[in-house]
1. Quick one: which strands (runs of 3 or more DSSP E) lie wholly within the range A:51-97 and hold at least 2 residues that are over 14 Å from the mean Cα position of the chain (by Cα)?
2. How many residues are more than 9 Å from every other protein chain (Cβ to nearest Cβ), farther than 15 Å from B:E72 by Cα, surrounded by fewer than 23 Cβ atoms within 10 Å (Cβ to Cβ) and not β-branched (V, I, T) when one looks only at the range B:83-112?
3. Taking B:Q37, is it at the interface with another protein chain (Cβ under 9 Å from one of its Cβ atoms), within 23 Å of A:L92 (Cα to Cα), touching a residue at least 40 places away in the same chain (Cβ under 8 Å) and not aromatic (F, W, Y)?
4. Is it the case that some residue within the range B:53-62 is more than 11 Å from chain A (Cβ to nearest Cβ) and in contact (Cβ under 8 Å) with a residue 24 or more places away in the chain?
5. Can you tell me which residues in the range A:68-111 are of a type in the set (D, E, K, R), buried (at least 16 other Cβ atoms within 10 Å of the Cβ) and more than 14 Å from chain B (Cβ to nearest Cβ)?
Amino acid sequence: GNSVTQMEGPVTLSEEAFLTINCTYTATGYPSLFWYVQYPGEGLQLLLKATKADDKGSNKGFEATYRKETTSFHLEKGSVQVSDSAVYFCALLSHNNDMRFGAGTRLTVKP
Amino acid sequence: DAGITQSPRHKVTETGTPVTLRCHQTENHRYMYWYRQDPGHGLRLIHYSYGVKDTDKGEVSDGYSVSRSKTEDFLLTLESATSSQTSVYFCAISEQGETETQYFGPGTRLLVL
């Protein structure tokens, strides 16, 4: 079946550091790929998405590129802020409404 | 933000009692979903609905039932709660399903003693 694997956390960075959170997937067909962010005590918010190979999703300085050849959708940000501290989830959605999430990566950014 | 509310936001109950969680949307979206979130598992789909009275099972549907009598409301029922159903439950909606973006509610934290 479909699945998502993302790097285990927690990840701790200093402010203005470069962020990469790895995400790889297994799926049949051509799923859509998402990054969601969850702040403490809240639901998940869509951060960015890509619906086909080589698409780049971007939002709030975060980027991820849909790489079909490596089945990856790594999240990157050039300079993180304290306000980026949250849990990040990689997810895929296939055409039969099968939504699969990674286990989540907790990011803490220190001043 | 998508207009999604969940009630209750917190609940403590005892093993063997029935529990119903409610998801309400004001977006008139066709698809609604129930997930549970557990450490180390991310979110897992319990059930979803693709229209009034139309529902289907997800990855972890055992022990749960759902109903949708109106577009705006999607109910999740634990017929006889067990401690393994202690979790945070999230509702989500999407306009068209399939590869459309899902938008999430604030969650319900359920503790089964």
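1. In the range A:51-97, no matching strands (runs of 3 or more DSSP E) lie anywhere.
2. Total meeting the criteria: 7.
3. Here the answer is yes, as B:Q37 does meet what is asked.
4. Scanning the range B:53-62, I find at least one residue that is more than 11 Å from chain A (Cβ to nearest Cβ) and in contact (Cβ under 8 Å) with a residue 24 or more places away in the chain, so the answer is yes.
5. A:K77, A:D84
Rundown of residues vs (1) of a type in the set (A, V, I, L, M, F, W, C); (2) touching a strand residue (DSSP E or B) at 6+ places or on another chain (Cβ under 6 Å), yes/no style:
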{"position": "B:Q6", "(1), (2)": "no, yes"}
{"position": "B:T17", "(1), (2)": "no, no"}
{"position": "B:H24", "(1), (2)": "no, yes"}
{"position": "B:R36", "(1), (2)": "no, yes"}
{"position": "B:G42", "(1), (2)": "no, yes"}
{"position": "B:L45", "(1), (2)": "yes, yes"}
{"position": "B:Y50", "(1), (2)": "no, yes"}
{"position": "B:G58", "(1), (2)": "no, yes"}
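Per-residue answers, yes or no, for (1) within 29 Å of B:D54 (Cα to Cα); (2) touching a Ser or Thr at 6+ places or on another chain (Cβ under 9 Å):
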site: A:Y25; (1), (2): no, yes
site: A:T28; (1), (2): yes, yes
site: A:F34; (1), (2): yes, yes
site: A:S58; (1), (2): no, no
site: A:F73; (1), (2): no, yes
site: A:V87; (1), (2): no, yes
site: A:C90; (1), (2): yes, yes
site: A:H95; (1), (2): yes, yes
site: A:P111; (1), (2): no, yes
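To keep it simple, each residue is scored yes or no on (1) facing chain B (nearest Cβ under 10 Å); (2) in contact (Cβ under 8 Å) with a residue 40 or more places away in the chain; (3) over 20 Å from A:K77 (Cβ atoms).
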{"site": "A:V4", "(1), (2), (3)": "yes, yes, no"}
{"site": "A:T12", "(1), (2), (3)": "no, yes, no"}
{"site": "A:T20", "(1), (2), (3)": "no, yes, no"}
{"site": "A:T24", "(1), (2), (3)": "no, yes, no"}
{"site": "A:T28", "(1), (2), (3)": "no, yes, yes"}
{"site": "A:P31", "(1), (2), (3)": "yes, yes, yes"}
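The values are calculated or read from the model by the stated rules, or taken from the named source; none is laboratory data. These numbers come from a predicted model, not from an experiment. Quick reminder, even Gly has a Cβ in these numbers, built from the backbone with ideal geometry, and neighbours come from all protein chains shown.
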